[in-house]
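Accompanying notes for the structure given below.
The values are calculated or read from the model by the stated rules, or taken from the named source; none is laboratory data. The shown structure was predicted, so the numbers you read here are calculated from the model rather than taken from an experiment. Neighbour counts run over all protein chains shown; Cβ positions are idealised from the backbone, glycine included. Accessible surface areas use protein heavy atoms only, side chains included; no ligands, DNA or RNA. Shrake-Rupley method; radii C 1.70, N 1.55, O 1.52, S 1.80 Å.
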Amino acid sequence: MEVLQEKFRITAGQTMVFGDYLNDLEMLEKAHYSYAMANAHPDIKKIARFIAKSNDENGVVEVLSEITE
């Protein structure tokens, strides 16, 4: 995440990420708009700032649709 932020000159405050399992932990810590999926591991839900609906409910698409309206 840091490499992409540096390359595109964006801050954590300009970054949105979605995660559901422990491999997403570091990525979620690098973004202000950090979303855990409703079906995420409990540790992921603890560190994410926001919760999106589960993958089965198109949670990512719903959040992105809301912010682009």
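Brief remarks on what is shown
- Prolate/oblate/rounded call for the range 30-69, Cα gyration tensor, a/c under 1.5 rounded: oblate
- Counted residue by residue at 0.36 nm each, then reduced by the alpha carbon distance between them, the extension gain from GLU57 to GLU2 reaches 16.9 nm.
- Average Cα contact separation per residue, the chain, under 8 Å, 6 or more apart, as relative contact order %: 23
- Of all aspartates and glutamates in the structure, the ones whose alpha carbon falls short of 12 Å from that of LYS46, not counting any fewer than 8 places away in one chain, are ASP20, GLU29.
- Inter-site label distance for ARG49 and LEU64 at 7 Å from Cα along Cβ, in nm: 2.0
- Residue-averaged 222 nm ellipticity for the chain, from DSSP H runs of 4+ at -39500 (n - 2.57), nearest 500: -9500 deg cm²/dmol
- Think of a 1.4 Å ball rolled over the protein heavy atoms: the chain then has 71 Å² of accessible area per residue.
- Among [x] 36, 17, 16; [y] 32, 31, 15; [z] 35, 24, 15, the entry derived from the coordinates for Cα extents along the principal axes in Å: [y]
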